[in-house]
1. Enumerate the lysines that residue A:206 could reach by cross-link, defined here as Cα to Cα under 24 Å, with residues fewer than 8 away along the same chain left out.
2. Of the chymotrypsin sites (Phe, Trp or Tyr not before Pro) in region A:7-53, which ones lie in a loop per DSSP and count no more than 16 other C-beta atoms within 10 Å?
3. Using a/c under 1.5 as the rounded threshold, could you call region B:84-175 rounded, prolate or oblate? The axes a ≥ b ≥ c are square roots of the C-alpha gyration tensor eigenvalues, and prolate needs a/b larger than b/c, oblate otherwise.
4. Identify all lysines with a Cα-Cα distance to residue B:119 below 25 Å; exclude those on the same chain that are fewer than 8 residues away in sequence.
5. Identify the residues of region A:166-192 with backbone N under 13 Å of a label point that sits 7 angstrom from the Cα of residue A:146 along the Cα-to-Cβ direction, or state none.
6. How much length, in nm to one decimal, is gained on full extension between residue B:138 and residue B:36, taken as 0.36 nm per residue of separation minus their Cα-Cα distance?
7. Given the C-alpha centroids of region B:130-181 and region A:92-109, what is the distance between them in whole angstrom?
8. Measure off 7 Å from each Cα along the Cα-to-Cβ vector at residue A:114 and residue B:107, then give the distance between these two points in nanometres to one decimal.
Amino acid sequence: KNSIQTTLMPSYKLSYFNGRGVGEVSRLIFAAAGQKYEDVRYEVDQWPAYKAEMPLGQMPVLEVDGIKLPQSAAIARFLAKQFHLAGKDNFEQAKVDAVVDTIYDTYKAWAPSRFGEDPVKKEALSKKFFGEELPKQLQNLETLGKLYGNGGHFFVGNQLTWADLFFHTITETLLGINADCLNNFPWLKQNRAEVEKQPKIAEYLKNRSKTEL
Amino acid sequence: MSTYKLYYFNTRGRAEIARLIFIAADQKFEDIRYEHSEWSSHKNEMPLEQMPVLEVDGVKLPQSGAIARFLAKQFHLAGKDNFEQAKVDAVVDTIADAMTQFLPIRFENDETKQIEMVKNFFANELPKHLQNLEVLAKQFGNGGLFFIGNNLTWADLLFYEVTETLLGLNKNALDNHQWLKQNRAEVEKQPRIAEYLKNRPKSQF
């Protein structure tokens with residue numbers, strides 16, 4: 001590699017667990033962009049040995065030309081902007097951010113039902129989430145898709161953005177628990193289908209190992 | 001020249017960061033504040049039936065983080081290039097992590113329980129978030145007094161804003177964090193911010 005090429009093209013290294021979680025959206029962005037990167041995956045029992053290397057003792061972490069960046073949303077938004085998957089101007093990027101924030105709200109509402117310690121409590125939380133909270137959030141997401149989507153199948157502006165990719169991976173997990181949870185939301189189902197049709201994403205999903213989380 | 005309308009309750013809460021960005025940028029905006037009694041009649045005007053909402057040239061945008069980041073980018077308070085903006089976002093997310101833990105306390109109705117939760121938050125939860133913020137400032141702050149790159153960004157404004165609430169509950173909350181105290185002092189020194197803080201109505205949250 002000559003030195004000019006090294007200067008123009010940053011090197012990317014993503015460190016995360018061997019699963020999807022909140023890191024997968026960044027892997028999907030790399031895949032959609034056709035961008036090479038080092039995909040470092042730690043099993044849960046390996047991770048403690050590497051914790052001290054990460055700025056906040058957490059993952060995901062993105063290393064760009066040797067500089068470490070924590071926080072999954074900051075990472076994904078940076079990559080989306082690098083590869084033109086974030087929205088075409090500042091206001092469009094804000095619409096994408098609003099959809100992403102609403103998806104994060106959904107994820108945070110779900111997390112206690114999966115990651116708590118009391119199985120009885122978790123069962124009750126899960127029922128409440130799938131019965132009440134999730135339909136509300138999905139309604140919100142359809143509202144935003146109709147408001148910002150210019151009549152198309154993507155959340156914002158008739159183009160694939162990281163909002164669509166993030167929605168796909170978070171709902172992958174939810175559909176794994178409750179396969180019917182999108183049945184009342186045809187627009188959202190169609191949105192997922194559009195993501196899966198993108199050639200580079202289709203290829204990536206074909207080869208990706210299935211994980212619960 | 002775009003027109004900006006910000007809709008929220010008559011308090012600081014999740015909208016004050018947007019107000020601070022407008023003030024720092026010396027940008028006019030319509031600062032619409034609904035009392036709780038008025039809010040129900042306006043709820044269905046907002047995309048997600050929540051506030052804050054920012055209206056830009058008639059188009060509504062929900063979600064306080066998306067609003068603040070948009071305004072910061074409009075007014076050059078977001079970081080000078082994509083990677084610097086990512087560092088700002090990482091600091092913002094770390095501040096938000098602390099406040100996510102604080103939120104259940106804010107809305108706890110049982111006063112005895114709330115007092116206990118406040119004690120626990122300051123003793124056992126907040127310290128690690130403050131530590132994390134100092135780590136990021138050392139890595140991203142170029143040795144200066146702002147979180148990123150030696151310039152005021154909305155990360156500094158957000159930190160100022162959330163710690164206003166926390167210091168109101170525990171005035172010693174930052175005593176072991178000199179850099180963070182100095183960062184707040186730098187924000188307060190900014191002329192337009194100083195003027196605004198002098199005149200703004202006091203609110204606990």
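1. Partners found: A:13, A:36, A:189, A:197.
2. Answer in residue order: A:50.
3. prolate
4. Reachable lysines: A:108, B:128, B:171, B:181, B:202.
5. Under 13 Å, as judged by backbone N against the label point of residue A:146, lie A:185-188 of region A:166-192.
6. Values: separation 102, 0.36 × 102 = 36.72 nm, distance 4.15 nm.
Difference between extended and current length: 32.6 nm.
7. One Cα centre to the other: 25 Å.
8. 2.2 nm
The values are calculated or read from the model by the stated rules, or taken from the named source; none is laboratory data. Just so we're clear, the structure is a prediction, and the values are computed from it rather than from any experiment. All Cβ positions, glycine included, derive from the backbone under ideal geometry; neighbour counts span all protein chains shown. Quick note on the areas: whole protein, heavy atoms, side chains included, nothing else; ligands and nucleic acids left out. Shrake-Rupley method; radii C 1.70, N 1.55, O 1.52, S 1.80 Å.
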